[in-house]
Amino acid sequence: MAKDQGTHIDLQGGFIVIVVSGASGQLGRLTVGHLLQRVDAARVVALSRTPDAVADLGVATRYADFDDPASLRGALEGAERLLMISMGSLTGAPRGHVNAIEAAVKAGVGQVIYTSFARAGEPGQPQALIQNHGETERLLAESGLTFTALRFNQWPEMWNLVGLPAIAVATGVLPSNSGDGRVGHITRDDSAAVAAAVLAEGGCEGQLLEVTGPEAVTDADVADALAQVTGRPIRCEQVSDTDLAAALSGRGLPEMYVQGWTGLGTYKRDGWFDVTTHAVEHLTGRKPTPIADYFAAHPEALEFPGAETVSSTG
């Protein structure tokens, strides 16, 4: 059965065509929404493995799969700027990234904007998942493409994946293995606004931009933010890596999440997230969202039935 190739636009009108990959994902959808506040919808193309899923965005759609090189030839036709939303990998740059870069070269894409991660390419980078971003940045540099890497700091949405805000609200304790490590949390929506600004305006060529929230905060600061939002007493309790992993496992989290969050704690502890910049305000004209404001806007993340039965100390 033939794949739905989506809707197309006339590329002969002389305007710059902006292509957003992964448009059916949360970051991609948000980016298209912010783009439409800056440019005419006729300039935007949304790529997805399921074009029907992005038909509601109000822009042209095309089928594209980074793991299917043949699909990328038509998908990138006429693209001047491409948002390349990253894929995860623990073993170097994903093959899909290689395919996308090669296709962008062949299509003559004018600028690739890549969604990277904080301090991805720095020497000594300890996290394999983040090393893959540094490897992709290297491949982009070697390709000859004009590119910009948006090195997003940790999204506060990551807290919700493991349910710790809800547990903290229910128990009054936020377990942490990060010590005094700080994180420049940036929301997914602020990240999308930055991506849209670079896509719409261009610029930042060749830059590895660290993109962060307004300040770098500790887990104790996160506990204070939760207390401020909920009006309940909440404190941060430092625990060992082993005890945190046991607490998360006891909550029934998949082992991948358990190891991932515990590893992020050591990453915080060693200072890898301790970055703050003014990139959000400089590029978008708006101030980034403080973490307390993020939690206030997402009360659903603070509600978890049965959370009171889970204790960080066992």
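If the chain linking Arg38 and Ala128 were pulled fully straight, counting 0.36 nm for each residue of separation and taking away their Cα-Cα distance, it would gain 28.8 nm.
Within the full protein context, the accessible area of Arg81 is estimated at about 30 Å² for a probe radius of 1.4 Å.
A simple count of charges around Thr276, restricted to other residues whose Cβ falls under 12 Å of its Cβ and scoring Lys, Arg +1 and Asp, Glu -1, yields -3. Each Lys and Arg contributes +1 and each Asp and Glu -1, all at the Cβ; summed about the Cα centre of the chain, the dipole is approximately 360 debye. If only the Cβ of Lys and Arg carry +1 and only the Cβ of Asp and Glu carry -1, the dipole of the stretch 120-189 around its Cα centre is close to 120 debye. The Lys106 and Arg138 beta-carbon pair, evaluated with R₀ = 22 Å, returns a calculated FRET efficiency of approximately 0.65. How far is the Cα center of the stretch 206-226 from the Cα center of the stretch 42-121, in Å? Using only Cα atoms to place each centre, the spacing works out to 28 Å. For the chain, relative contact order (Cα pairs under 8 Å, six or more residues apart, normalised by length) works out to 17 percent. The gain in end-to-end length when the Glu157 to Arg95 segment is fully stretched comes to 19.6 nm, 0.36 nm per residue minus the alpha carbon separation.
Quick one: order Met158, Met256, Met84 from most to least accessible surface, probe 1.4 Å. Intermediate values should be presented prior to the final figure.
Details: Met158 65, Met256 140, Met84 0 Å².
Correct descending sequence by accessible area is Met256, Met158, Met84.
Looking at the stretch 169-212, the GluC sites (Glu not before Pro) that sit in a DSSP loop and have at most 14 other Cβ atoms within 10 Å of their own Cβ are Glu205. The length gained on full extension between Thr146 and Gln228, counted as 0.36 nm times the residue separation minus their Cα-Cα distance, comes to 25.1 nm. For the stretch 119-126, backbone phi angles converted through the Karplus equation (6.51, -1.76, 1.60; θ = phi - 60°) give residue-by-residue couplings of 6, 4, x, 6, x, x, 3, x Hz, Gly and Pro being listed as x.
Taking the DSSP beta bridges in the chain as the whole, what percent of them are antiparallel, to the nearest 5? Can you show the working numbers first?
Numbers: 1 of 30 bridges.
Beta bridges within the chain, antiparallel portion: roughly 5 percent.
Between the listed residues Val211, Gly25, Val239, the Cα displaced farthest toward the positive end of the dipole of the chain, a dipole computed from Cβ unit charges relative to the Cα centre, is found at Gly25. A Förster radius of 35 Å combined with the Cβ-Cβ distance from Ala55 to His298 puts the calculated FRET efficiency at roughly 0.85.
Working from label points 7 Å from Cα in the Cα-to-Cβ sense, the Gln259 to His282 distance is 3.8 nm.
The values are calculated or read from the model by the stated rules, or taken from the named source; none is laboratory data. All figures in this text were calculated on a predicted structure; none of them were measured in a lab. For neighbour counting, all protein chains shown are included, and Cβ atoms are generated from backbone atoms with ideal geometry for every residue, glycine included. Only protein heavy atoms, including side chains, enter the accessible area calculation; ligands, DNA and RNA are left aside. Shrake-Rupley method; radii C 1.70, N 1.55, O 1.52, S 1.80 Å.
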